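*Asks:* Submitted below is the structure of interest, expressed as structure tokens.
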Amino acid sequence: MKSDQRKGNPWALLPLGLFLILFIGSGIMTGDFYSMPVLVAFLFSSIAAFVMNRQQSFHEKVGIFCKGAGQESIMMMVMIFLLAGAFSGVAKAMGGVDATVQLSLSLLPPHLVVVGLFIIAGFISVSMGTSVGTITALTPVGLGVAQATGIDVALVVGAIVGGGMFGDNLSIISDTTIAAVRTQGCELRDKFKVNFLIVLPAAILALIILLALTSQYEVTLDAVYQIEWLKVVPYLCILVGALMGINVFILLGSGVALAGVIGFMTHALTLQQFIDAISQGMAGMQELALLCLVVGGVLELIKHHGGIDYLLYLIKSRVRSKKGAEFGIATLVSVMDLATANNTIAIVMAGPLAREIAEEYEIDPRRSASLLDIFSSCWQGLIPYGAQILGAAGLAAISPMEIVKYVHYPMLMGVFGILAIIFGFPKLKK
């Protein structure tokens, strides 16, 4: 552990403070935390970063900004985001999402309908890499189940949100996973294994709670579902390939090609539709890719002006152990997510500092990446102004606050994340 930490400059953190004031302030004033685009808020933040430290020329600051934006880890993250978007776009266009939902519902025992919706949401979210997309696809199904059985709508929707967050947290192609592993410098499959061991007990306990809450209802499902096994194959190949350790660029590129070939074979896609799906999928990731570049540049200026050194000094002055440093990482990303209502952005912002803390206290990168993803996902699944609960509430026509009390899994994920820090679980080999 290093002992020569500089005190740094607290004023260098002013750009981050400005970002939080703009983003949170606009959310409070308008009642909509998505009224201020995050990229716009960070552009104003970058102006503040350029204005600081008049001893350096503007040209020198541009060089520092570009150095931060062009870091290898950030550029790889951008490329992975774009490839993941292309895969998701093609897989969805050829009917992969609908096929996955139909297959899952066809295998679902009627008396385990709500428990099954949690599992389905987890599987779809792991496959698609997005909790929001999963919740959007499944909430209408859950609404129909609730109306047919008399089960509380909020309970059914809460199960779907919980399952969506479970899958999103573990998905190999999720933007949160990509951001976590790239900022911490570890492999996707290694982070998956550590993350899975921590959250599995939370998922099992959430299923037991759902089973207990719904055991009194008599449920029958009369619908006949059309099963298209072939269209589920690309998702399974991505998951298996990632766990085998195949290079992520090769894996996602092959996934795009495989989804396209299956689309052609089943006549779900034409060549033009295939090209359009790739374009639309990548376009959906463009704002996030640009945000990574801007955040990287702003953080490099903040670091150059002494802001990162000050945060490290502040944390070190209050932390006395490795466990304390892990709690520091968990707190840092939690605060970022509560402020931005976006777990990916929270990880992108907190990741570089978390890596500094992890190196300072010799925390395994697989562990720091897991902590970033777990605690950002925990809060993201609970905040009533987050996209997940807001989207589910809108589709189900109920209040977001009605759903929050039934989103058991994110609550338990946070609890087991804390327990993992306290007991040092799981034990990792070098």
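The values are calculated or read from the model by the stated rules, or taken from the named source; none is laboratory data. Please read these numbers as outputs of a predicted model, since none were measured by experiment. Positions of Cβ are backbone-derived with ideal geometry, glycine not excepted, and every protein chain shown enters the neighbour counts. Just so you know, the surface numbers come from the protein's heavy atoms only, side chains and all, with ligands and any DNA or RNA stripped out. Shrake-Rupley method; radii C 1.70, N 1.55, O 1.52, S 1.80 Å.
*Asks:* What do you reckon, is residue 429 part of a loop (DSSP other than H, G, I, E, B), farther than 30 Å from residue 147 by Cβ and basic (Lys, Arg)?
*Replies:* Answer is yes for this residue.
*Asks:* Quick check on my filter: what residues within the range 183-198 are touching a Gly at 6+ places or on another chain (Cβ under 8 Å) and either crowded, with 17+ Cβ neighbours inside 10 Å or aliphatic (A, V, I, L, M) (or both)?
*Replies:* 183, 184, 189, 198
*Asks:* Across the range 263-285, what is the total count of residues that are in contact with an Asp or Glu (Cβ under 8 Å, 6 or more places away or on another chain) and open to solvent by less than 40 Å² (accessible area, probe 1.4 Å)?
*Replies:* 1
*Asks:* Go through (1) open to solvent by 20 Å² or more (accessible area, probe 1.4 Å); (2) of a type in the set (S, T, N, Q); (3) at pLDDT below 85 for residue 340 and report which single condition fails.
*Replies:* Unmet condition: (1).
*Asks:* Something else now. Residue 240 passes all but one of (1) open to solvent by 70 Å² or more (accessible area, probe 1.4 Å); (2) part of a helix (DSSP H, G or I); (3) modelled with pLDDT of 90 or more; which number fails?
*Replies:* (3)
*Asks:* From (1) open to solvent by less than 10 Å² (accessible area, probe 1.4 Å); (2) over 25 Å from residue 205 (Cβ atoms), pick out the condition that doesn't hold for residue 125.
*Replies:* Failing condition for residue 125: (2).
*Asks:* Just to be sure, is residue 426 touching a residue at least 24 places away in the same chain (Cβ under 8 Å) and open to solvent by 40 Å² or more (accessible area, probe 1.4 Å)?
*Replies:* Judged against the criteria, residue 426 is not a match.
*Asks:* Before we move on, is residue 153 under 23 Å from residue 199 (Cα atoms) and open to solvent by 10 Å² or more (accessible area, probe 1.4 Å)?
*Replies:* The answer is no for residue 153.
*Asks:* Say whether the condition of being surrounded by fewer than 21 Cβ atoms within 10 Å (Cβ to Cβ) and not in a helix (DSSP H, G or I) is met by at least one residue in the range 64-81.
*Replies:* The answer is yes, given that some residue of the range 64-81 is surrounded by fewer than 21 Cβ atoms within 10 Å (Cβ to Cβ) and not in a helix (DSSP H, G or I).
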